[in-house]
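Just so it is clear, none of the values below were taken in a lab; they were calculated from the coordinates. This one's a predicted model, so the numbers in the text were calculated from it and none came from an experiment. Glycine also receives a Cβ, built like all others from the backbone with ideal geometry; neighbour counts cover every protein chain displayed.
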Amino acid sequence: MTRKRLSNKELLDFAQRETLRYFTDYAHPTSGMARERFGGDATYDTLATVTTGGTGFGVMAMIAGAERGFLPRTEAEARIDRIVDFLASSPRYRGAFPHWLNGETGATIAFSKNDDGGDIVETAFLMMGLLTARQWLGAEHKTARLIDRLWREVDWTGFCDGPDRLMWHWSPHVEWGPDLPIRGWHEGLMAYVLAAASPTHAIGVGAYERGWKNSTTYLNGRSYHHIRLPLGPELGGPLFFSHYSFLGLDPRGLTDGVTDFWQQNRAHARINLAHCRANPGRFAGYGPAWGLTACDGPDGYNAFSPTNDHGVIAPTAALASLPYAPTASMKALRHYHEDFEGALMGPYGFVDSFCPERNWIAGSHIAIDQGPIIAMIENARSGLLWRLFMSVPEVRAGLTRLGFRLAAVA
């Protein structure tokens, strides 16, 4: 027995509305921030642990939800007010936030042994969401003014251990810890965009050319399944590379003089889709179900990709690729809704992942997987979040400093 057949509009409304509950009903009651996860195997207190990057995604999700009428604008504003007030009173490291916080006290929760201070990539995702909110709220709103203060206080230069090396972490206990520069093609692009855009602590423009691009996993240029991939590792890597930074950064017509980022992201999604259709591992369930990215699996969390394929499909992978592969993404959404008799639905939208090969369905949701579903569906539908983020004057100036050219997209 199949579920009721909805129109495409109804399906998209359903996916966005149900997923939004992760950031409203499941938000931490004190801070209002997004909890790192619901369910699954975790070695930390899932009710207390909130995530900075996932909260940035959640802020964008709430803006989209308010514009769609899924929650009143006044409620969305109040939730954002609470989050920003909490962040303003929480510890920071050279102006940057840690990966995880305690949602009750604001105390830093170590993400790993050497990641117990500031995380500049997670801070970039948080700031992406907050700057989007600043534009949505309007300059005179008190929370917009507080967002502006937090944004100006992030010391991006304080996360450089040299003129051309933006580092992922800094901690007062271990300083740089492991040697982890942000380079190559992956989700960290937003850190460079905002580091160049900062009105107070901007990094040198050489870091983008000599730091970010200085990696064997940056340029690609090879073809897979007859699709040329400009950037990234073999077969493109996990799909979140084309999602996280691009919740706000509009890739349409965006180039840095070498790469067209719309073509890059479309190629990445199409290669991931073609791999799942070819299904070289002969895993059960592939076909209308597709999309490999970082998510829970039957053996734990993993960054799944065409070169690390274990038969685990994440709904966020195809659904957040709606701007890049609209027909295949809609087919996946319809398949997940109609053909699984509700088995893929959890309390806050689609479950994180499933593996038909092993008859396994996750009992979890993860903030950084739920947020892109709402945000990227909205960008495909209306371009709302792209429009808001790209209207930030500092962002446009930062992109220009880095040598990007921006198309005028309505």
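Among the conditions (1) touching a Leu at 6+ places or on another chain (Cβ under 8 Å); (2) buried (at least 18 other Cβ atoms within 10 Å of the Cβ); (3) touching a residue at least 12 places away in the same chain (Cβ under 8 Å), the only one that Ala144 does not satisfy is (3). Where residues in the stretch 136-162 are among the β-branched types (Val, Ile, Thr) and within 21 Å of the chain's Cα centre (by Cα), which of them is nearest to Gly177 (Cα to Cα)? Restricting to residues being among the β-branched types (Val, Ile, Thr) and within 21 Å of the chain's Cα centre (by Cα), the top hit is Val154. For Phe57, indicate whether it is touching a residue at least 12 places away in the same chain (Cβ under 8 Å), within 18 Å of Thr143 (Cα to Cα) and among the aromatic types (Phe, Trp, Tyr). Taking the combined requirement at face value, the residue satisfies it.
All conditions but one from (1) touching a strand residue (DSSP E or B) at 6+ places or on another chain (Cβ under 6 Å); (2) crowded, with 16+ Cβ neighbours inside 10 Å apply to Asp161; the one that does not is (2).
The condition of being among the hydrophobic types (A, V, I, L, M, F, W, C) and in contact with a Phe, Trp or Tyr (Cβ under 7 Å, 6 or more places away or on another chain) holds for only one of Phe57, Phe97, that being Phe57.
At least 3 residues being of a type in the set (Gly, Ala, Ser) is the threshold, and among the helices (runs of 4 or more DSSP H) wholly inside the stretch 346-410 those reaching it are 367-381. Among the criteria (1) surrounded by fewer than 19 Cβ atoms within 10 Å (Cβ to Cβ); (2) closer than 29 Å to Lys4 by Cα; (3) under 21 Å from the mean Cα position of the chain (by Cα); (4) not aromatic (Phe, Trp, Tyr), the one Ala332 does not fulfil is (1).
Within the stretch 248-264, residues that are under 17 Å from Gly398 (Cβ atoms) sit with their Cβ atoms under 6 Å from residues that are of a type in the set (Phe, Trp, Tyr) and surrounded by 18 or more Cβ atoms within 10 Å (Cβ to Cβ), at 6+ positions apart or across chains, in these pairs: Gly248/Phe389; Asp250/Trp386; Pro251/Phe261; Pro251/Trp262; Leu254/Phe261; Asp256/Phe404.
Just one of the listed residues (Ser112, Ser90) is crowded, with 16+ Cβ neighbours inside 10 Å and not hydrophobic (A, V, I, L, M, F, W, C), namely Ser90.
Rundown of residues vs (1) of a type in the set (Val, Ile, Thr); (2) out of contact with any Ser or Thr (no Cβ under 6 Å at 6 or more places or on another chain); (3) under 15 Å from Val59 (Cβ atoms); (4) in contact (Cβ under 8 Å) with a residue 24 or more places away in the chain, yes/no style:
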| site | (1), (2), (3), (4) |
| --- | --- |
| Arg94 | no, yes, no, yes |
| Ala107 | no, yes, no, no |
| Gly118 | no, yes, no, yes |
| Phe125 | no, yes, yes, yes |
| Gly129 | no, yes, yes, yes |
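Going residue by residue through the stretch 235-249, is there one that turns out to be surrounded by fewer than 19 Cβ atoms within 10 Å (Cβ to Cβ) and either polar (S, T, N, Q) or at negative phi (or both)? No, the conditions are met nowhere in the stretch 235-249.
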